[in-house]
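Everything on this sheet refers to the single structure shown next.
The values are calculated or read from the model by the stated rules, or taken from the named source; none is laboratory data. Note that the structure is predicted; figures quoted are calculated from it, not measured. Neighbour counts run over all protein chains shown; Cβ positions are idealised from the backbone, glycine included. Areas reflect the complete protein model, heavy atoms only, side chains present, ligands, DNA and RNA absent. Shrake-Rupley method; radii C 1.70, N 1.55, O 1.52, S 1.80 Å.
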Amino acid sequence: MAGRIGPVARVAGGAAAVLVAALTLGTLVAVAMRAEDAPQLGPADFAAIRFTMLQATLSALFSVALAIPVARALARRSFPGRGLLVTLLGAPFILPVIVAVLGLLAVFGRNGLISQGLMLLGFEPVHIYGLHGVVLAHVFFNLPLATRLILQGWLAIPAERFRLAASLGLSPRDVARTLEWPMLRAVLPGAALVIFLICTTSFAVALALGGGPRGTTVELAIYQAFRFEFDLGSAALLSLIQFAICATAALAVWWVDLPAGFGGGLGRVTERWAISGPGLRALDALAIGLAALFLLTPLAMIVAEGIPRLADLPASVISATGRSFAVALSAAVLTIVLALSLATLALGTRGWKTGAVEALAVLSIAVSPLVIGTGLFLVIYPFADPISLALPITALVNALMSLPFAYRALAPALAEAETVHGRLADSLGMRGWARLKHLILPRLMRPLGFAAGLAAALSMGDLGVIALFANPEQATLPMEMYGLMASFRMEQASSAALLLLVCSMGLFWVFDRGGRVRAAT
Amino acid sequence: MLQLEGLKVDLGAFVLRADLSVAPGTRAAVVGPSGAGKSTLLSVVAGFLAPAEGRVLWDGRDLSGQEPGKRPLSIVFQDNNLFPHLSVADNVGLGLSPSLRLSKDDRARVAQSLERVGLHGMERRRPAELSGGQLSRVALARVLLRSRPLMLLDEPFAALGPAMRGEMLELVQDVAAETGATVLMVTHDPRDARRLGGQTILVAEGVARPPVATEALFADPPAVLRDYLGPD
């Protein structure tokens, strides 16, 4: 029965709630206390704030604007490979940022495909570093997300409306005005805000593609204050600013009623009339073709350039891979434990307490990893050497960042299992561990596999808080790969990127697939 | 003996009262209009709902605050009596150990009880591979193994055809005879009540009335039961 949970579950849920609160709100307090004795904001800090807002705004606008024709084409055209393409649109979410950056460099960089083509024709090569490079990378990551969100809106328009429009002889332009534009007006602000929020915490992209003082995000400035100047006061002050930006954007997202981005049901195509003109067909083909080219070419370059040297990767890359697996698997386990504990606690409480637990579970969306990292450093520093704890801290912060997604996958499934089978379990006296083992875990296999895969893949590819703490002996695979890039050993970096890509996607696939197979029995 | 003492269940829009006792070994049908509170009555006895007033007593012992799994009873619901991810044997085995730690001896008893309900050799099947009647048989095999002195049945065979329902009622009576259990069975169908024999608790107008002999009740039904049964 909902409202009655065992003492162990209550303790576990309470402990998870305290841990999450300490990591998000507690680290923020630590940061705020330290920021008091910080120097005034300098011109470089203001430049970082301006750059953060500017690149996030541009990234959101470009992603959403370019996604509209792609989503429209996917909503009304059925073609071989459409399902695969829609699935691929979900892939950038777990694609390691640093891998994508290397792929983009291979296409748009100084020695990339486009520059080489231009030079053959006698033009200057393009420059990717700076604002346009950062925005390009963000569009690469968020165009697919925007496309999925907008496609969802398109498919939510009832097919009967289009039939009615056809029977009344409405032209594509009329249909756009009466049916599609109102939908876009409802969906676009939410999609743009989500992408804005994601881009405000951008670290790895800015680290790799931002150029110097005029291409620094707040998140990157925290890292620089911390790592290069060891100015904890400035790092703390910047962390507060970062939190303010994120929290404002997150509140706005909350307020505009975010469309659900991970829903399925994108497989069908709404039947439409009066769209078979050659002009419209060519337009849709162009939108889909260009989008696929933009998204797939960088990945194809990673594979093509990574394969030749894959066999002779340096030993440091191999050992970094081992560390990354350890961190990723720990983060996955931790994410699942936290999400299940909180979901159970939410089910066993009522009223405002339930709301508080749910809010806590998704709170880390509004907190940036480097802010948590800075706070943790400030808390741990007086007692122990945070550098020696780099890997456990990375796993912990990674788990926290995956928690909102894991919670959203697990909580509804847990509630359903309890609603359908809870009484039977109660009547048989199944409690505690027996209930978890014989009822909850078997019923939750599918979302458990998905959530664990997501957490493991995100952690495997993460280049964030690890950069703040670790020294080269503790480097994870993304960090090792970035090190190779920074020292211009591009061939080895490409091979490491391919390895990282395979590891991240492989981890997700193994867990997600495992959950599905077990759930099927 | 089951006693409901000054019981009042408050579900906001609707209140159910009961003040009655059921003698040991009785087979009582619980009948009445839908929405009158038949299932609510069973939920209170089983411990899923706490009464606003009054007590549920078994052999003079107050069951208030006792968890459903600890009460001296087994319950069979209308559906979801089996966990779909567990084998038939495990579903029955839960009746012996809620953590499924089963000895070889326990496994043998599970097999025996399955044989008793006519499901010989079906231990390894999953619920999805069974028919509606077979699902009910598995649930009854578990009731048999749990061997609790009170058996609650909440319209367990509503989805089955008439012939199958008759078979199941016979099986219920056999199980009750073997375990010596008192039976409370909610049903929509007066024929089921008569086939069960024994007594009937009429639930109507917010009150669960004390049990009376079923044949006598249907021979001379009170007005509320007449309205429910309709013209013959």
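Just a few scattered comments:
- Around A:Arg443: net Lys/Arg minus Asp/Glu count, Cβ-Cβ under 12 Å: +2
- Debye equation applied to the C-alpha atoms of chain A, log10 I(q)/I(0) at 0.06, 0.09, 0.10, 0.13 Å⁻¹: -0.30, -0.69, -0.85, -1.38
- Taking only protein heavy atoms and a 1.4 Å probe, the accessible area of chain A is 68% carbon and sulfur.
- Inter-part distance where segment A:4-19 and segment A:151-179 are each reduced to a Cα centre, Å: 50 Å
- Relative to its Kirkwood radius, the Cα radius of gyration of segment B:57-125 gives an Rg/Rh of 1.04.
- List of segment A:480-521 residues, accessible area with partners at least 10 Å² below that of the chain alone (1.4 Å probe): A:Thr521
- Average beta-carbon neighbours from other chains, 10 Å sphere, peptide B:75-84: 4
- Over all pairs of different C-alpha atoms, segment A:356-512 has a mean inverse distance whose reciprocal, the Kirkwood radius, equals 18.0 Å.
- A viscosity of 0.692 mPa s and a temperature of 37 °C, combined with the Kirkwood radius over Cα pairs in Stokes-Einstein, give a translational diffusion coefficient for segment A:98-212 of 193 µm²/s.
- Accessible area per residue for segment A:41-302 is 46 Å², calculated with a 1.4 Å probe on protein heavy atoms, without ligands, DNA or RNA.
- Per-selection Rg to Rh, segment A:41-302 - Cα, Kirkwood hydrodynamic radius: 1.03
- In terms of the mean number of neighbouring beta-carbon atoms within 10 Å, the peptides A:285-293, A:489-497, A:337-345, B:59-67 order highest first as A:337-345, A:489-497, A:285-293, B:59-67.
- DSSP H segments from chain A that extend 20 Å or more along their own axis, Cα-based, with Kyte-Doolittle mean of -1.0 or above: A:7-21, A:43-76, A:131-155, A:181-200, A:232-255, A:278-306, A:315-348, A:390-427, A:445-460, A:490-520
- Share antiparallel - DSSP beta bridges, the protein assembly as shown, percent rounded to 5: 50 percent
- Residue-averaged beta-carbon neighbours from other chains (10 angstrom radius) around B:93-100: 5
- Partner chain coverage, peptide A:416-426 - average Cβ within 10 angstrom: 4
- Cα-based Kirkwood hydrodynamic radius, segment A:473-521, one decimal, Å: 12.3 Å
- Candidate cross-link partners of B:Lys38 among the aspartates and glutamates, defined by an alpha-carbon separation under 19 Å and a same-chain spacing of 8 or more, comprise B:Glu5, B:Asp10, B:Asp19, B:Glu53, B:Asp79, B:Asp154, B:Glu155, B:Asp189, B:Asp192, B:Glu205, B:Asp227.
- Qualifying chymotrypsin sites (Phe, Trp or Tyr not before Pro) for segment A:478-513 [loop in DSSP, other Cβ within 10 Å: at most 16]: A:Phe488
- Helices in chain B that qualify as membrane-span-like (whole DSSP H runs, Cα extent of at least 24 Å along the helix axis, mean Kyte-Doolittle hydropathy of 0.0 or higher) are B:162-179.
- Surface accessible to a 1.4 Å probe, per residue, for the residues of segment B:82-147, Å²: 44 Å²
- Cβ-based net charge around B:Ile201, under 10 Å, with every Lys or Arg adding one and every Asp or Glu removing one: +2
- Pairwise centroid distance, computed over Cα atoms, of segment A:294-346 with segment A:404-421, Å: 26 Å
- Solvent-free Debye calculation, one equal scatterer per alpha-carbon of segment B:49-193: log10 I(q)/I(0) at 0.09, 0.10, 0.18, 0.22 Å⁻¹ equals -0.28, -0.35, -1.09, -1.47.
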